[in-house]
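What follows draws every value from the coordinates through simple rules; no lab data is involved. Because the structure is a prediction, the values reported are computed rather than measured. Virtual Cβ from ideal backbone geometry, glycine too; neighbours counted across all protein chains shown.
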Amino acid sequence: MRIESASVGAMNTNTDSHTSRRTFLKHSSSAVIAGALASPLGLPSILRAADGGTPLRLGLISAGSYGYMGAPRVQGSNHGTAFSTCCNGFDEAKRKLFEGTFVASKRRVEGVRVVKIWDPVKSAAERLADVCGIPKVCDTADECSDGVDAVAIPDDGSGEHWKYALTPLRKGVPTFCDKPLAMTAKQAKEVAEVARKSGTPFMSASSLRFVPDVLALAKEAPALGDIHLASTICGNELVYYGIHALEMAYAVLGRGAVSCLNVGQPGRNIVRVRFENGRDLMLMVAEKEWMRAGYQINLYGTKGWKSLTPNLADLYWYLLEKFIEMVRTKKEIVPVEEEVEVIAVLEAGKRSLAEKREVTIAEVLK
């Protein structure tokens, strides 16, 4: 997710979006000490595995630049720079010279090192590699999945980054594909089918699923009694950013959507999502002309109410940590079928507004 809107999802590359991101993304002021003493493996001490062994090797695909929905790609990427610094740290002096978006993680994922990077804009990959000590800049995306233990594909704004997941999945390389898994349910199903057929560990999710506030809310929800009504909200485009709001609800309440009815207006989506258990979720997603970006979820139970505006600190770290947990344990974190359903709900919401009718999830998944 570029998470501008990630505390979740990347925001548009316009000035207003960058301003909104800055309200919840704080760049780290800490630095990786240049010329740190090397380990016996030739790695800086900050990059050693937690047990002193060889770090898990990670390849990053489409991680150096960002271009929202067909816009020219520019150097810098919220997710790409965050993932790089979570694993490798960064050179503070070089970071100060870096032009473009750069999210410097304050926390490290232990025992993981980014060893390969590729981006359609090779110079962007080279600059990020220089700042974060990534030893290999690849000439192709496919090359990034050779000789590594896992691959991560950050949100690059295109909505097409899901295509990069197919090669590593077929090779059997554990793969993370950032939000949104795809822009349509058909595309999402294609990735899911390759993942299941190959048996390769796969994960896709919004970073908001894993922030502590949302996880805590999931544990507190049963105390509210039966929850028949809920609402969730965020800013920007319905599929690309609305996934953050919707995944908060899925993390807390679970899956099982059956239909969507969008009673909003263009740029101002008010989507009633009905679930098979009878629950109605109001998903509200408005673009910057109509609403300032942010995130909130509200639960209305028979025994009480609960509202949450989540704390987005370190959200990229929580997301990457979950993926690495999956790589190490081989235990699925978020079933890919659930992510396909999330995309189907968002697509159904868009179709409902355009066609002025209730749209079922089943028809979107055909």
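Which residues' amide hydrogens lie under 5 Å from the amide hydrogen of residue 114, considering only partners 5 or more residues apart or on another chain, with H built in the peptide plane?
58, 88
On full extension of the chain, what length is gained from residue 136 through residue 228, given 0.36 nm per residue of separation minus the C-alpha to C-alpha distance? Walk me through the numbers before you get to the answer.
On the way: separation 92, 0.36 × 92 = 33.12 nm, distance 5.16 nm.
My answer for the length gained is 28.0 nm.
Considering only the chain, what is the antiparallel percent among its DSSP beta bridges, to the nearest 5? Don't jump to the answer; show the numbers that get you there.
On the way: 29 of 54 bridges.
If we restrict to bridges inside the chain, about 55 percent are antiparallel.
In what order do 283, 246, 308 fall by count of nearby beta-carbon atoms within 10 Å, going from fewest to most? Display every interim value, and only then the final one.
Details: 283 26, 246 30, 308 19.
If I rank by nearby Cβ atoms, fewest first, I get 308, 283, 246.
Assign unit charges at the C-beta atoms only (+1 for Lys and Arg, -1 for Asp and Glu), then state the dipole size of the chain relative to its Cα centre in Debye, rounded to the nearest 20. Please report the intermediate quantities before stating the final value.
Details: 46 positive and 42 negative charges, 62 e Å.
Dipole size: approximately 300 debye.
Given points 7 Å out from each Cα along the Cα-Cβ axis, report the residue 219 to residue 186 separation in nanometres with one decimal.
Calculated label separation equals 4.4 nm.
When you count, for each residue, the other Cβ atoms within 10 Å and take the mean per peptide, how do 358-366, 291-299 rank with the highest first?
Details: 358-366: 16.0, 291-299: 19.9.
Per-residue Cβ counts within 10 Å, averaged per peptide and sorted highest first, yield 291-299, 358-366.
Consider a paramagnetic label point 7 Å from the Cα of residue 277 along Cα→Cβ; state which residues of the range 198-231 have an amide N under 17 Å from it.
215-231
If you work out P(r) over Cα pairs in 10 Å bins from 0, in percent from the coordinates, which of (i) 5, 24, 29, 21, 12, 5, 2, 1, 0, 0; (ii) 4, 18, 22, 17, 10, 7, 6, 6, 5, 4, 2, 0, 0; (iii) 6, 26, 34, 23, 9, 2, 0 do you get?
For P(r) over Cα pairs in 10 Å bins from 0, in percent, the calculated option is (iii).
Can you sort 161, 244 from fewest to most other Cβ atoms within 10 Å of each residue's own Cβ? Working shown, then result.
Numbers: 161 23, 244 33.
By the 10 Å Cβ count, ascending, the order reads 161, 244.
Do the alpha carbons of any pairs in 189/322; 122/322; 116/366 sit beyond 26 Å of each other, and which pairs? Intermediate values should be presented prior to the final figure.
Details: 189/322 22 Å; 122/322 28 Å; 116/366 37 Å.
Those over the limit are 122/322; 116/366.
Apply the Karplus parameterisation 6.51 cos²θ - 1.76 cosθ + 1.60, with θ equal to phi minus 60°, to every residue of the range 345-361 and state each ³J(HN,Hα) to the nearest whole Hz, in sequence, with x for glycine and proline.
4, 5, 5, 4, x, 5, 5, 4, 5, 5, 9, 6, 7, 6, 10, 7, 5
Work out how much length residue 170 to residue 126 would gain on full extension: take 0.36 nm times their residue separation and subtract the Cα-Cα distance, in nm to one decimal. Working shown, then result.
Details: separation 44, 0.36 × 44 = 15.84 nm, distance 2.70 nm.
My answer for the length gained is 13.1 nm.
Add -39500 (n - 2.57) for each DSSP H run of 4 or more in the chain, then divide by its residues: what number comes out at 222 nm, to the nearest 500 deg cm²/dmol? Walk me through the numbers before you get to the answer.
Details: 11 runs with 117 residues, N = 366.
Theoretical 222 nm ellipticity from helices: -9500 deg cm²/dmol.
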